[in-house]
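Working notes for the structure below.
The values are calculated or read from the model by the stated rules, or taken from the named source; none is laboratory data. What you see is a predicted model, and the numbers here were worked out from it, not measured in a lab. Neighbour counts run over all protein chains shown; Cβ positions are idealised from the backbone, glycine included.
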Amino acid sequence: MTDFKKTVLFTDTDGRAKFREDTVSLPEGTPQSELSNLMVSGGYQLRHSPAGFRSQFHCSGHNQWVFILSGHMEIGLQDGTSRVFSPGDHFYSADTLPAGATFDSQVHGHWSRQLGEQPLVTLFVRG
């Protein structure tokens, strides 16, 4: 059985956004078409971000899968590191504000931006 690679953007115990690698098992289906268990979702949204788009530091409002349909998306963290996601890439965004915390743009969240000349098109599926 194969596992599905799951990159997770999450809020660590120190309140800062970080990336980690995780897996989703694929126990269903056949050897030619392995499937995960059915996952519940809370709907989906499509987003179009024109060339030049860049957000400020923010937390995700909901846990959600982010799939890059076209263009390139860079996610930056408070520690100065970043990752670029390209068409066909995905990550699970669970970088939510810790319970009871007041948002502090010097501690919490991540920023995102569109890279290159092609607009960024993403699909968000709430977890």
- Residues that are outside any loop (DSSP other than H, G, I, E, B) and more than 19 Å from the chain's Cα centre (by Cα), drawn from the stretch 28-48: E28, G29, T30, S33, E34, L35
- Query: Do we have D89 as over 22 Å from H48 (Cβ atoms) and not aromatic (F, W, Y) here?
  - Reply: no
- Message: Can you tell me how many residues within the stretch 60-102 are charged (D, E, K, R), over 9 Å from the mean Cα position of the chain (by Cα) and within 21 Å of R126 (Cβ to Cβ)?
- Response: 1
- State which residue pairs qualify: first residue farther than 19 Å from G127 by Cα and outside any strand (DSSP E or B) and inside the stretch 6-25, second residue modelled with pLDDT of 95 or more and of a type in the set (S, T, N, Q) in any location, beta carbons under 8 Å apart, and separation of 6 or more residues or different chains. R16/Q78
- Can you tell me which residue within the stretch 118-127, out of those that are in contact with a His (Cβ under 8 Å, 6 or more places away or on another chain) and part of a strand (DSSP E or B), is nearest to V8 (Cα to Cα)? R126
- Matching residues, the stretch 1-24, being hydrophobic (A, V, I, L, M, F, W, C) and under 12 Å from the mean Cα position of the chain (by Cα): V8, L9, F10, A17, F19
- Task: Would you be able to tell me the number of residues in the stretch 87-127 that are surrounded by fewer than 17 Cβ atoms within 10 Å (Cβ to Cβ), on the phi > 0 side of the Ramachandran plot and at pLDDT 95 or above?
- Result: 2
- Message: For the list (1) within 18 Å of A17 (Cβ to Cβ); (2) in contact with an Asp or Glu (Cβ under 9 Å, 6 or more places away or on another chain); (3) assigned to a loop (DSSP other than H, G, I, E, B), I need the number of the one condition that A51 fails.
- Response: (1)
- Message: It is to be established whether one or more residues within the stretch 106-117 are assigned to a loop (DSSP other than H, G, I, E, B) and more than 27 Å from D14 (Cα to Cα).
- Response: yes
